[in-house]
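Here the structure comes first, spelled out in structure tokens, and everything after it is commentary.
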Amino acid sequence: MAADKDSNTNTASEAAKRPPGTVEVMYSAAEISARVSALADEIADTLGPDIMVVAVLKGSFVFTADLLRALHHHGVHPRIDFMTLSSYGTGTESSGKIAITRDITDDVRGAKILLIDDILESGRTLAFARELLQDRGAERVQLCVLLDKPEKRKIEVDADYVGFSIGDSFVVGYGLDYAHYYRELPYIGTISTD
């Protein structure tokens, strides 16, 4: 019986290991920090001190935390809430249908909202979230993304604030993951799994 227990533990431990990969730095921690500070300056000038931040989890959590601290230094005093959205389907490609898996809890009526996400690709998720918040009575919803991949757009939506515009690369670090790992990296990089 003990052997079976140890065998199960080893199998579970092996399954939870970080997948191998080599990460090439695309944007260093210093470059990201400078860009986040510039975004905070622009957001503070446009939206003013009293806003509501809604972060789309999970990928945006590091970016959101740094941006919130930078906004504080620019005199912004936001309310903060989180939502988790997923586009579901049977294959590896998005079906284009969005499901709310974790909703915000705060009332958004009359709020100026900064909606934050990690990557703007197809545009479906952010368009859905923006429309949802507007339907709930938000006065204004502006989009802020860490990364924009304009060539991946499926519907017409643009972010009001963009950290970096990139091509169709698979990136990790600074909150972005590969198989639930690599989020802790202080930089953004492309990953090679060969």
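For region 69-148, what value does the Rg/Rh ratio take when both radii are computed over Cα atoms and Rh is the Kirkwood radius, given to two decimals?
Using only Cα positions, Rg/Rh for region 69-148 is 1.00.
Per-residue HN-Hα couplings for region 162-178, Karplus 6.51 cos²θ - 1.76 cosθ + 1.60 at θ = phi - 60°, whole Hz, x for Gly and Pro?
Per-residue couplings from phi come out as 10, x, 9, 9, 10, x, 7, 9, 8, 10, 9, x, 6, x, 8, 10, 10 Hz.
Build a GNM of the chain with springs between Cα atoms under 10 Å: which of Asp107, Asp41, Asp117 gets the top mean-square fluctuation?
Asp107
Out of region 150-194, which trypsin sites (Lys or Arg not before Pro) are coil in DSSP terms and have no more than 14 other C-beta atoms within 10 Å?
Working: sites: Lys152, Arg153, Lys154, Arg183; in loops: Arg153, Lys154, Arg183.
Answer by residue number: Lys154.
Mind listing the phi-derived Karplus ³J(HN,Hα) values for region 144-160, rounded to whole Hz, using 6.51, -1.76 and 1.60 with θ = phi - 60°, and x for any glycine or proline?
So the J values, rounded to whole Hz, are 10, 10, 5, 10, 10, 10, x, 6, 8, 4, 9, 10, 7, 8, 10, 7, 7.
Expressed as an acute angle from 0 to 90° and rounded to the nearest 10, what is the orientation of the C-alpha long axis of helix 2-15 relative to the principal long axis of the chain?
The two axes meet at around 40 degrees.
Quick one: order His74, His180 by neighbouring beta-carbon count within 10 Å, fewest to most.
Numbers: His74 14, His180 10.
Ranked by crowding around the Cβ, least crowded first: His180, His74.
For region 30-169, restrict the atom set to alpha-carbon positions and state the Rg and Dmax in Å.
For region 30-169, the Cα radius of gyration and maximum Cα-Cα distance read 14.5, 46 Å.
For the chain, what is the calculated [θ] at 222 nm in deg cm²/dmol (nearest 500), taking -39500 (n - 2.57) for each run of four or more DSSP H residues and dividing by its residue count? Before the final figure, lay out each step's value.
Values: 4 runs with 58 residues, N = 194.
Counting only the DSSP helices, I get -9500 deg cm²/dmol.
Could you calculate the contour length gain from Asp106 to Glu24, that is, 0.36 nm times the residue separation minus the distance between their Cα atoms, to one decimal place in nm?
Working: separation 82, 0.36 × 82 = 29.52 nm, distance 3.94 nm.
Between Asp106 and Glu24, full extension yields 25.6 nm more.
Could you check the simple spin-label distance between Arg153 and Arg140, using points 7 Å along Cα→Cβ, in nm with one decimal?
For the pair Arg153/Arg140, the computed spacing is 2.2 nm.
Could you state the angle between the C-alpha long axis of helix 29-47 and the longest principal axis of the C-alpha atoms of the chain, as a value from 0 to 90 degrees rounded to the nearest 10?
Tilt of helix 29-47: around 30 degrees.
Glu42 label point, 7 Å along Cα→Cβ, cut-off 15 Å on backbone N: hits in region 145-188?
Of the residues in region 145-188, 145-150, 158-166 have backbone N under 15 Å from the label point off Glu42.
Run the quick spin-label model on His74 and Arg183: label points 7 Å from Cα toward the beta carbon, then report their separation in nm to one decimal.
Calculated label separation equals 2.5 nm.
Every read-out reported here was derived from the displayed coordinates using simple, explicitly stated rules and does not represent laboratory data. Note that the structure is predicted; figures quoted are calculated from it, not measured. With ideal geometry, Cβ positions are generated from the backbone for all residues, glycine too; neighbour counts draw on all protein chains shown.
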